Amino acid sequence: MTERRYWKNSEPYHLVEAFIENESVIFKDWFDTGKDPNRYDWKFEEILNGAGKSDIEYQLGATVYLEILEEVKRRLGK
């Protein structure tokens with residue numbers, strides 16, 4: 001099974017990225033290229049407890065949130 005580590009939604013002047021790095025889910029929300037994004041780092045245990053759910057679902061969709069959640073569970077062996 002291929003590890004999924006990166007998801008994005010790109011629109012004109014707006015890019016949202018979520019990716020898995022080490023033991024965290026990183027969420028970046030870019031409103032203006034060339035400027036720093038809004039960034040959130042959630043540890044795997046925080047994701048399991050619902051952290052980031054509303055942000056990820058709103059920006060990337062419920063399907064992507066479930067994919068991220070399943071990947072986190074798989075990596076934790078749950």
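The values are calculated or read from the model by the stated rules, or taken from the named source; none is laboratory data. In this text, all values refer to a predicted model and were calculated from it rather than measured experimentally. Cβ: placed from backbone, ideal geometry, glycine included. Neighbour counts: every protein chain shown. Protein only, heavy atoms only, side chains kept; ligands, DNA and RNA dropped before computing areas. Shrake-Rupley method; radii C 1.70, N 1.55, O 1.52, S 1.80 Å.
Considering the stretch 28-41, and only residues there that are in contact with a Pro (Cβ under 9 Å, 6 or more places away or on another chain) and not in a loop (DSSP other than H, G, I, E, B), the residue that is most open to solvent (accessible area, probe 1.4 Å) turns out to be W30.
Test Y58 against the stated conditions and say whether it is buried (at least 17 other Cβ atoms within 10 Å of the Cβ) and among the hydroxyl-bearing types (S, T, Y). So Y58 fails the test. Flag not set for L60, criterion: of a type in the set (A, V, I, L, M) and closer than 18 Å to K78 by Cβ.
Tallying residues that are at negative phi and in contact (Cβ under 8 Å) with a residue 24 or more places away in the chain within the stretch 46-73 yields 12. From the list T2, T63, which one is modelled with pLDDT under 95 and among the β-branched types (V, I, T)? Sole residue among the options that is modelled with pLDDT under 95 and among the β-branched types (V, I, T): T2.
Please go through the stretch 61-78 and pick out each residue that is of a type in the set (A, V, I, L, M, F, W, C) and either open to solvent by less than 70 Å² (accessible area, probe 1.4 Å) or touching a Ser or Thr at 6+ places or on another chain (Cβ under 9 Å) (or both). Listed by number, the residues that qualify are A62, V64, I68, L69, V72, L76.
For the stretch 1-31, a residue qualifies if it is of a type in the set (D, E) and in contact with a His (Cβ under 9 Å, 6 or more places away or on another chain), and exactly one does: D29. Within the stretch 1-23, identify whether any single residue is open to solvent by less than 70 Å² (accessible area, probe 1.4 Å), in a strand (DSSP E or B), in contact with a strand residue (DSSP E or B) (Cβ under 7 Å, 6 or more places away or on another chain) and farther than 18 Å from E57 by Cβ, and answer yes or no. No, the stretch 1-23 contains no residue that is open to solvent by less than 70 Å² (accessible area, probe 1.4 Å), in a strand (DSSP E or B), in contact with a strand residue (DSSP E or B) (Cβ under 7 Å, 6 or more places away or on another chain) and farther than 18 Å from E57 by Cβ. Determine whether Y58 is among the hydroxyl-bearing types (S, T, Y) and at pLDDT 95 or above. Yes: the conditions hold for Y58.
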